[in-house]
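Report on one structure; see the data block that follows.
The values are calculated or read from the model by the stated rules, or taken from the named source; none is laboratory data. Since we're looking at a predicted model, the values are computed, not measured. As a convention, Cβ positions derive from the backbone with ideal geometry for all residues, glycine included, and neighbour counts pool all protein chains shown.
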């Protein structure tokens, strides 16, 4: 597996060498041109994380991140099925995007300065405000993360999680023994088997893991959140037009929730809602879609197919036990805020 | 060889040299043209790959270079042979990774050789049960993928009881899913000197053995080596240790909080990897040893039996030394395999060079540099093994007199 992954990383590094200079910055959008010519969007997603990206029993990818891939496909062709999903690990996701193997990443990836600059990416918008937490056995008698002094903690390598953990331990003078395992399944397995006292990752990931356990009540997510993890889709730096599209799809979804437009009433609203911002968003007036290079009915199609931000959240993340929390609309005391679509 | 020959025919400088004609019908000119062409194409491809990589990296604003090695790593490492803190640099983190790889590779090679040789000999045994067990072992171990075996061992080790219910067979020894803990002593500088004395004693013993053998060749009298060995390898270190104040503070592991503190620990990750690599490679080594023994002419056995030697002595003194010549070259490949297979470590959470370099390249985004470091490390280790084994092979080669 490791050898395979290494070979893959090597192959991607090789692909970076072989990829022609055709993707150099050109006017327009090379990514969009390539997607249109291909007829499908190639979207890098998680290898399997309940609620965010996971194939269902029919093998159809479902989840919060998956819906962002589908939203782009709907904006382009009004067809949510025109997406090819490429499962990526924490380790090979960046090379996959850099080398052009995928068009975009929708894979619970934290937006950081170094990824934005030295990796050559752009993060159009924060789709999910997350933070790192800890999960322990309910029987361990741990109340807060500070009780974890001396504990063994399971963590996945190659993520910001690893660095947050060491930063937090340093600032709180906590000593811990790390057990670093690459695949989620084995890392969680080691925690469940008792090799580690705690398992750490983003709170969303913990909730997904906990919900997938045979007896979720045996596990407890500690109240402490030790980091900021703004999860965002990622695109290659230098293709502003494609980045704009992804960015405004997210803002459109949030704006639609704010305006109370849902999958159920969007057709109705497009016909009869007289509010000018609704008219603009749904393409009745103005040419917002064309400015982004897509059909003016883009938001109508997206909301009819996927619902607004709140509906996407409820459908995918509420079942694994996640609250809206910081992802509530700004009008409800959350952080999700969309600039005006005009 | 040609210098020692006195045959005048060998002294001629070959056929008379003709000047190269600038014609396609000249065989030598054709040869030169083709070679230039091939070298040119290879160089052109290499240049194109290089310049295209640099161009693409620039276009995508991906920083290059090895400057990141001096930056603070901030990655946690579970077990390290040298002191390591997350505040140390990436360079030190990678060094820890290299040492961890060597730790499993060196111990693995030694243990796999011992186990493999025993199983190989056992398979040739006249004892029906022993040879069948050895054969079953070889067939089973060789036919299963190594990754599967590693995960198997790791799962087994994880199913040991937790630290609070740890097995405690002898005072101070604990076995749990946190690893095997053994009592040790608190390490002081005096112990380092004693260790050095042990190494010196070992070298001294080798030299004494050589001197004794030279005297045996001279007068035919066998002499005992063990008094000198005990004095040099046990007495000398003890003397050094005593002279430096004989510091001895036992360091017994004890359960404090979540984990055991103190003592020596063998983590389940390391143990699973070592166990997997040793048992797997030993399966192959056993077959190599068996092949080597079978390659020795049956007449050697019969001749030795005629001299009245016992079976064990025949194996030790007659057959194995000759078998070594057949065994060593394929054995080198197995050592290289074991070393490279240790990169499967990340599957069971052991932080070897691949694991740490992968994390490094992920945190810094320096994928090409990270892969280059991994390749360099394995190349260095593998070439060292090859060099040593080639030297050893040349040493044991049949010397014809």
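Can residue A:210 be described as within 14 Å of another protein chain (Cβ to nearest Cβ) and either farther than 22 Å from residue A:71 by Cβ or not in a loop (DSSP other than H, G, I, E, B) (or both)? No, not satisfied. Within the group B:200, B:228, B:246, which residue is in a helix (DSSP H, G or I) and over 25 Å from the mean Cα position of the chain (by Cα)? None of the others qualify; the one that does is B:228. Under the condition of being touching a helix residue (DSSP H, G or I) at 6+ places or on another chain (Cβ under 6 Å), within 29 Å of residue B:276 (Cβ to Cβ) and either within 12 Å of chain A (Cβ to nearest Cβ) or modelled with pLDDT of 90 or more (or both), the residues counted in the stretch B:77-93 number 6. Looking across the stretch B:331-362, the residues that are within 7 Å of chain A (Cβ to nearest Cβ) and either in a helix (DSSP H, G or I) or on the phi > 0 side of the Ramachandran plot (or both) come down to B:343, B:344, B:346, B:347, B:349, B:354, B:355, B:358, B:359, B:362. If you go through the stretch B:144-161 one residue at a time, do you hit one that is crowded, with 16+ Cβ neighbours inside 10 Å, modelled with pLDDT under 85 and in contact with a strand residue (DSSP E or B) (Cβ under 9 Å, 6 or more places away or on another chain)? There is no residue in the stretch B:144-161 that is crowded, with 16+ Cβ neighbours inside 10 Å, modelled with pLDDT under 85 and in contact with a strand residue (DSSP E or B) (Cβ under 9 Å, 6 or more places away or on another chain).
Considering only residues that are within 7 Å of another protein chain (Cβ to nearest Cβ) and in contact with a helix residue (DSSP H, G or I) (Cβ under 6 Å, 6 or more places away or on another chain), which ones fall in the stretch B:61-76? Selection gives B:74, B:75, B:76.
Of all residues in the stretch B:5-61, which are at pLDDT below 70 and closer than 30 Å to residue A:114 by Cα? Selection gives B:60, B:61.
Residue by residue, here is whether (1) away from chain B (no Cβ under 14 Å); (2) under 30 Å from residue A:238 (Cα atoms) holds:
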position	(1), (2)
A:45	yes, yes
A:56	yes, no
A:59	yes, no
A:87	yes, yes
A:94	no, yes
A:121	no, yes
A:124	yes, yes
A:134	no, no
A:150	no, no
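Within the stretch A:106-119, the set of residues being in contact with a helix residue (DSSP H, G or I) (Cβ under 6 Å, 6 or more places away or on another chain) and either surrounded by fewer than 24 Cβ atoms within 10 Å (Cβ to Cβ) or within 14 Å of chain B (Cβ to nearest Cβ) (or both) comprises A:107, A:110, A:119.
Does residue A:267 fit the bill of being assigned to a helix (DSSP H, G or I) and out of contact with any helix residue (DSSP H, G or I) (no Cβ under 9 Å at 6 or more places or on another chain)? Taking the combined requirement at face value, the residue does not satisfy it. Scanning the stretch B:372-382 for residues that are at the interface with chain A (Cβ under 10 Å from one of its Cβ atoms) and either free of Cβ contacts under 8 Å to residues at least 12 places away in the same chain or within 16 Å of the chain's Cα centre (by Cα) (or both) yields B:372, B:375. In the set A:188, A:254, only one residue is more than 14 Å from chain B (Cβ to nearest Cβ), assigned to a helix (DSSP H, G or I) and either over 17 Å from the mean Cα position of the chain (by Cα) or over 30 Å from residue B:350 (Cβ atoms) (or both); that residue is A:254. Out of all the residues in the stretch A:192-199, is one or more assigned to a helix (DSSP H, G or I), touching a residue at least 12 places away in the same chain (Cβ under 8 Å), within 8 Å of chain B (Cβ to nearest Cβ) and touching a strand residue (DSSP E or B) at 6+ places or on another chain (Cβ under 8 Å)? No - not one qualifying residue is present in the stretch A:192-199.
From the residues in the stretch A:156-185 that are within 22 Å of residue B:266 (Cβ to Cβ) and more than 7 Å from every other protein chain (Cβ to nearest Cβ), which one is nearest to the chain's Cα centre (by Cα)? Within the stretch A:156-185, the match that is nearest to the chain's Cα centre (by Cα) is A:176. Residue A:95 - would you say it is farther than 30 Å from residue B:257 by Cα and either surrounded by 18 or more Cβ atoms within 10 Å (Cβ to Cβ) or in contact with a strand residue (DSSP E or B) (Cβ under 9 Å, 6 or more places away or on another chain) (or both)? So residue A:95 fits the description; yes. For the stretch A:40-47, check the following and say yes or no: at least one residue is surrounded by fewer than 24 Cβ atoms within 10 Å (Cβ to Cβ) and not in a strand (DSSP E or B). Yes, because at least one residue in the stretch A:40-47 is surrounded by fewer than 24 Cβ atoms within 10 Å (Cβ to Cβ) and not in a strand (DSSP E or B). No other residue among B:243, B:282, B:286 is without any contact (Cβ under 8 Å) to a residue 40 or more places away in the chain and on the phi < 0 side of the Ramachandran plot apart from B:243.
Against the test of being modelled with pLDDT under 95 and at positive phi, the options B:292, B:299, B:308 yield a single qualifying residue, B:308.
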